[in-house]
Amino acid sequence: MSETERLALSYFADNEQFVARKLNEQLAKIDAGVAIAPEVNALMHEVSRETSGAPGAGATIMRYLVTRHFYFLVNLSGSLAKAVTGSTGTATFSLRKNGTQFATMVFTSSNTAVFTMASPTSFVPGDEITIVAPNPADATLASLYFSLHARLPLRVTESVVWTSLVNASAYGSTLTKTSGASAFDAGAASTRAIQYGDSSAKFVIPSGSIALHGVFGLSKGNPGITPAEIDFGFAPFSGNININESGATPGGSPSSAIQANDEYEVAVEGTQVKYYRTRAGVRTLLWTSTVTLTSSNYPLLFDTAMYSPGIQIQSAVISGVLAEA
């Protein structure tokens, strides 16, 4: 073995150990319940390709089958695309997820492209990414090479930051209905959303809210402040805790008395949704939903619908693979 080969092997071995060490450090923090900054909450993944010659009009220049979870940031931040021979005019390539456009790669009288994508986009094993050339084709653009920069996320636990507040106020992760009538006319939602996989939303009911009414849990999107929009939630009502799914109480689901400082948790485990209560340090499964989750249920927000004036939840936490909503 040459000295160059020995040094190269040593470099890659050291690099692999470094990545493994950093990953283990982050996982240890997660296991300990320590939130880690979003910018370090990922390892990187690259999807790279090179083409030769001029792409045909409307031709598929890349087809990539996803084998692991990853996501792209807004405008595919960190991604690069160039061409040996630049475009004469504007050449817009369509980036598609399972046949539907999610981003564009545009050469404008240049040999360097600009990516445009409005919001973070996640992928799961089995998804297909294709890149389709413009039709009609540019007169000169040829021999492209590009690298799409993605992130491999880790599971984190964060205190909820509330947004879209209606008749409510937030102090840290505490949320309180501060105005409005005895009606579902108040609420808020988390700024971060669960992208997929095992995850949860937790909150504590303080003593002053035991007899009050509201619904708190997970929803896809935040169209309003009604119980119907909350797909999986807990509903405190007159001293009891009930299950709420899309505005209704599932048949056979339990109702039990609330005690001050009970913690309630809506948890996604695989394709199931489970409802837990933690009281005096003891975590108890209260109910398992009959709904089977699919990729169409994501992303999931921590969402709320508040009925009684003054109702409050404290220590609201969201856990999972998170991205900005």
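The values are calculated or read from the model by the stated rules, or taken from the named source; none is laboratory data. Because the structure is a prediction, the values reported are computed rather than measured. Neighbour counts are summed over all protein chains in view; Cβ atoms, including those assigned to glycine, are modelled from backbone coordinates with ideal geometry. Quick note on the areas: whole protein, heavy atoms, side chains included, nothing else; ligands and nucleic acids left out. Shrake-Rupley method; radii C 1.70, N 1.55, O 1.52, S 1.80 Å.
Based on DSSP H runs of at least 4 residues, each adding -39500 (n - 2.57), what is the mean residue ellipticity at 222 nm of the chain after dividing by all its residues, to the nearest 500 deg cm²/dmol?
Rounded to the nearest 500, the figure is -3000 deg cm²/dmol.
Taking the convex hull of the Cα atoms, report for segment 255-300 its projected area averaged over all directions, in nm².
Dividing the Cα hull surface by four gives the mean projection, 3.9 nm².
I'd like the trypsin sites (Lys or Arg not before Pro) in segment 40-116 restricted to DSSP loop residues with at most 10 other Cβ atoms within 10 Å, sorted by number.
Within segment 40-116, the qualifying trypsin sites (Lys or Arg not before Pro) (loop, at most 10 other Cβ atoms within 10 Å) are Arg68.
Given Ala118, Tyr71, Pro134, which one lies farthest toward the positive end of the charge dipole of segment 62-172, if we put +1 on the Cβ of every Lys and Arg and -1 on the Cβ of every Asp and Glu?
Going by the Cα projections, it comes out as Tyr71.
Taking H placed 1.01 Å from N in the peptide plane, check which residues at least 5 places from Ile243 or on another chain put their amide H under 5 Å from its amide H.
Ala235
With +1 on each Lys and Arg Cβ and -1 on each Asp and Glu Cβ, how big is the dipole of segment 219-325 about its Cα centre, in debye rounded to the nearest 20?
So the magnitude is around 240 debye.
Between Asn261 and Thr100, what is the label-point separation in nm under the 7 Å Cα-to-beta-carbon projection?
Each label point is offset 7 Å from its Cα along the Cβ direction, giving 4.6 nm.
PRE reach from Ser179 (point 7 Å along Cα→Cβ): which of segment 291-325 fall under 14 Å by backbone N?
Once the point is set 7 Å along Cα→Cβ of Ser179, 310 turn out to lie under 14 Å by backbone N, inside segment 291-325.
For segment 263-279, in order, what is each residue's ³J(HN,Hα) by Karplus, 6.51 cos²θ - 1.76 cosθ + 1.60 with θ = phi - 60°, in whole Hz (x at glycine and Pro)?
Whole-Hz 3J(HN,Hα) from phi for segment 263-279: 9, 10, 9, 9, 10, 9, 10, x, 9, 9, 10, 10, 10, 10, 10, 10, 10.
Let's see if you can work this out: charge +1 on each Lys and Arg Cβ, -1 on each Asp and Glu Cβ, no other charges. What is the dipole magnitude of segment 124-237 about its Cα centre, in debye to the nearest 20?
380
Hey, can you grab everything whose amide H is under 5 Å from the amide H of Ala137? Only 5+ residues off in sequence or another chain; H modelled, so Pro and N-termini drop out.
Ala57
Given the Cα-Cα distance of Ser207 and Ser110 and 0.36 nm per residue of separation, how much length would full extension add, in nm?
Here the segment from Ser207 to Ser110 would lengthen by 28.5 nm.
Rolling a 1.4 Å sphere over the protein heavy atoms, what is the accessible area per residue of the chain, to the nearest Å²?
Normalised by residue count, the accessible surface of the chain is 46 Å².
With charges only on Cβ, +1 for K and R and -1 for D and E, what is the dipole size of the chain about its Cα centre, in debye, rounded to 20?
So the magnitude is around 140 debye.
Put +1 on the Cβ of every Lys and Arg and -1 on every Asp and Glu Cβ in the chain; which of Thr157, Val321, Ile311 then has its Cα farthest towards the positive end of the dipole?
Farthest towards the positive pole: Ile311.
If you stretched the chain out fully between Thr226 and Leu152, how much longer would it get, using 0.36 nm times the residue separation minus the C-alpha to C-alpha distance?
Computed gain between Thr226 and Leu152 is 23.2 nm.
What's the angle, to the nearest 10 degrees (0 to 90), between helix 3-31's Cα axis and the longest principal axis of the chain?
It works out to around 20 degrees.
Considering the chain as a Gaussian network with a 10 Å cut-off on Cα pairs, which listed residue, Ala188, Ala228, Ala260, attains the greatest mean-square fluctuation?
Most flexible of the set in this elastic network: Ala260.
Taking amide H positions as placed in the peptide plane 1.01 Å from N, state which residues far from Ile311 in sequence (5 or more) or on other chains have amide H under 5 Å from it.
Those lying under 5 Å, H to H, from Ile311 are Lys177.
With point charges of +1 on the Cβ of Lys and Arg and -1 on the Cβ of Asp and Glu, referenced to the Cα centre of the chain, which listed residue (Phe93, Thr271, Gln259) lies farthest in the positive direction of the dipole?
Ranked along the dipole, the leading option is Gln259.
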